[in-house]
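First up is the structure itself, then whatever we jot down about it.
The values are calculated or read from the model by the stated rules, or taken from the named source; none is laboratory data. Because the structure is predicted, anything quoted here is derived from the model rather than measured. Heads up, the Cβs are rebuilt from the backbone with ideal geometry, glycines too, and the neighbour counts pull from every protein chain shown. With ligands, DNA and RNA removed, areas are computed over all heavy atoms of the protein, side chains included. Shrake-Rupley method; radii C 1.70, N 1.55, O 1.52, S 1.80 Å.
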Amino acid sequence: MNKIICLNPLSIEGLQLLPKSYEIVEDLSQATGVLVRSANMKDLKLPASLLAIARAGAGVNNIPINQCAEKGIVVFNTPGANANGVVESVIAGMLIAARDIVGGINWVKANSAQKDIASLVEKNKKQFSGTELLGKKLGVIGLGAIGYRIANAAIGLGMEVYGYDPFIPVKCAWNLSRHVKHVDYLENLLKNCDYITIHVPLNHKTEKLINKEAFEKLKDGAILLNYSRDKLVDEDALEEALESKKLRKYVTDFPNDRIVNLKNIIAIPHLGASTEEAEDNCAVMAVEELKDYIDNGNITNSVNYPDCSLGALKKPVRLAVAHKNIPNMLGKLTVLLGNKGVNIADMISKSRGEYAYALFDLDRDIPLEILNSIKDIDGVIKVRTLALE
Ligand code: MLT
């Protein structure tokens with residue numbers, strides 16, 4: 001029985017896809033797989049039984065992905081599954097920043113007991129007026145599953161859109177509107193755009209991506225939107241930019257104690273992907289990725305191992321080996337199998353950074369002695385065999 005723990009409540013649409021050979025457990029120490037949304041896993045003790053973690057969402061900054069890779073625990077996310085929810089939130093963010101819609105709503109509430117509110121509105125509304133999105137310049141930093149959709153949607157709204165992404169995924173590039181202008185240097189996007197929205201993962205390379213220098217380059221009075229993660233923006237520099245009015249408004253889905261009371265912040269309680277549709281899509285994708293890995297050894301959408309698949313199990317046995325990406329690993333594995341008289345019917349091997357993964361479809365089961373010899377090869381991290389039922 002495969003034991004799955006849900007560290008956050010997940011949509012039933014996903015959980016109901018778990019077959020009878022899976023059970024939901026409460027105890028991490030026995031788990032085969034973890035399903036998680038935002039629970040912080042950084043300080044959890046991960047058991048030897050754990051094969052994989054599937055994050056129902058895009059950001060994985062709550063998961064120790066390098067430590068997991070070292071242990072052969074494959075971490076998945078669900079790119080694109082909640083993208084439309086985030087896109088709609090970002091468009092809403094631009095619209096509520098363009099005029100003082102929040103201030104206006106609060107003003108109406110505060111004056112709701114006044115007599116003849118209708119005429120009072122007409123006298124006072126000017127203070128909440130603003131500008132339109134049509135014809136304004138939007139800079140999208142990061143053109144992944146969310147970023148390219150925002151760029152396309154903004155083109156539809158009549159904005160002039162600039163995109164910056166030195167690592168744009170091929171699939172996203174194919175789907176990007178030809179009207180989006182390609183920017184090679186972040187600086188050029190910062191100094192030109194009226195609205196800037198960030199869509200990159202948070203990691204040691206992107207932390208404080210928008211720092212003092214970046215704020216200095218901004219067009220005066222620009223509006224910054226952050227629906228990705230708070231630490232992408234340097235908060236000292238943010239405070240300064242808001243005070244000096246270099247930055248007109250900061251729209252963020254990640255309020256924290258430091259910034260929540262700053263003037264000209266529109267802070268939203270991490271609602272980017274909080275739609276029924278996004279939650280269902282993420283849960284379904286996370287469960288499918290986890291199942292395909294546990295049952296077939298296939299990897300799709302991992303953030304610490306390469307994508308690698310031989311499809312559904314057809315041969316009697318599939319051998320799955322997670323290993324270091326170092327010379328002669330495949331040579332050692334195939335020679336060992338060959339010397340023991342095991343025929344490889346099919347195989348695939350992929351690498352990603354320091355790590356690699358190989359699948360071998362075998363014509364017959366392999367004895368424990370061979371498995372142990374594979375485990376003993378220097379650089380091998382995790383070995384599993386999967387048998388046809
Ligand atoms: C994501 O990372 O996918 C979004 O921030 C939404 C979420 O955390 O659930």
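Numerical summary
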{"item": "Residue within the stretch 191-198 that is modelled with pLDDT of 95 or more, among the charged types (D, E, K, R), open to solvent by 60 Å² or more (accessible area, probe 1.4 Å) and not in a helix (DSSP H, G or I) present", "result": "no"}
{"item": "Residue in the stretch 335-357 that is open to solvent by less than 10 Å² (accessible area, probe 1.4 Å), in contact (Cβ under 8 Å) with a residue 24 or more places away in the chain, part of a strand (DSSP E or B) and farther than 30 Å from residue 20 by Cβ present", "result": "yes"}
{"item": "Those residues of the stretch 239-252 which are more than 16 Å from the ligand (Cβ to nearest atom) and open to solvent by less than 20 Å² (accessible area, probe 1.4 Å), in sequence order", "result": "241, 242, 247, 250"}
{"item": "Wholly within the stretch 21-139, helices (runs of 4 or more DSSP H) carrying at least 3 residues that are open to solvent by 10 Å² or more (accessible area, probe 1.4 Å) and within 16 Å of the ligand (Cβ to nearest atom)", "result": "83-98"}
{"item": "Filter result for the condition that a residue is open to solvent by 20 Å² or more (accessible area, probe 1.4 Å) and among the aromatic types (Phe, Trp, Tyr), over 167, 215", "result": "167"}
{"item": "Residue count for the stretch 170-187, restricted to those that are open to solvent by 60 Å² or more (accessible area, probe 1.4 Å) and polar (S, T, N, Q)", "result": "1"}
{"item": "Positions within the stretch 243-269 being in a loop (DSSP other than H, G, I, E, B), touching a strand residue (DSSP E or B) at 6+ places or on another chain (Cβ under 6 Å) and of a type outside the set (A, V, I, L, M), in sequence order", "result": "255, 264"}
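Residue-by-condition table, conditions (1) assigned to a loop (DSSP other than H, G, I, E, B); (2) of a type in the set (S, T, N, Q); (3) under 24 Å from the mean Cα position of the chain (by Cα); (4) more than 13 Å from the ligand (Cβ to nearest atom):
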| site | (1), (2), (3), (4) |
| --- | --- |
| 237 | no, no, no, yes |
| 271 | yes, no, yes, no |
| 306 | yes, no, yes, yes |
| 313 | yes, no, no, yes |
| 326 | yes, no, no, yes |
| 332 | no, no, no, yes |
